[in-house]
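The values are calculated or read from the model by the stated rules, or taken from the named source; none is laboratory data. All values derive from a computational prediction rather than experimental measurement. All Cβ positions, glycine included, derive from the backbone under ideal geometry; neighbour counts span all protein chains shown.
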Amino acid sequence: MKAFNRGWHFAGRRATGDTILIGGVDPWTVPWGRPCGTITVIDTLRSPQETDIPTYTVESPHGPVLFAAAESSNNVWGFWEYVPPE
C-alpha cells in the first residue's frame, strides 16, 4: 500500500469489527463522525490506480487520533494511520 500524503502509513487490513489499534484506539469501538478530509493511496484490493480515502478524527485518552479507512472489498477494510513527520 502506498499513501501519497506525507505522514500517512498503512496500518493494516481487517474484516469489519476485527480489532486494529491506531494511535492506541480500536476504530470499531468509537464513533467516527463525518469524514474530515481525504488522502490519496494505491490500495490494490480496491483498484490498481490512485484512490481517495476519507479521513476521520476520533478521541482517545491521549487526545485526537487521525486515521483513514475504506472498505476494500465486502466487509474488508484498509486502514491508514497518520504519524506526524519528524
Between a residue in region 42-58 that is at pLDDT 95 or above and assigned to a strand (DSSP E or B) and any residue that is surrounded by fewer than 15 Cβ atoms within 10 Å (Cβ to Cβ) and of a type in the set (S, T, N, Q), which pairs come within a Cβ distance under 9 Å, given they are 6 or more apart or on different chains?
Pro54/Thr38; Thr55/Thr38
Number of the exception - His9 against (1) under 18 Å from Pro85 (Cα atoms); (2) at pLDDT 95 or above:
(2)
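Inside region 10-39, can you point out the residues that are among the small types (Gly, Ala, Ser), free of Cβ contacts under 8 Å to residues at least 24 places away in the same chain and either assigned to a strand (DSSP E or B) or surrounded by 13 or more Cβ atoms within 10 Å (Cβ to Cβ) (or both)?
Going residue by residue through region 10-39, those that are among the small types (Gly, Ala, Ser) are 11-12, 15, 17, 23-24, 33, 37.
Retained after the next criterion (residues that are free of Cβ contacts under 8 Å to residues at least 24 places away in the same chain): 17, 37.
Of everything in region 10-39, just one residue is among the small types (Gly, Ala, Ser), free of Cβ contacts under 8 Å to residues at least 24 places away in the same chain and either assigned to a strand (DSSP E or B) or surrounded by 13 or more Cβ atoms within 10 Å (Cβ to Cβ) (or both), namely Gly37.
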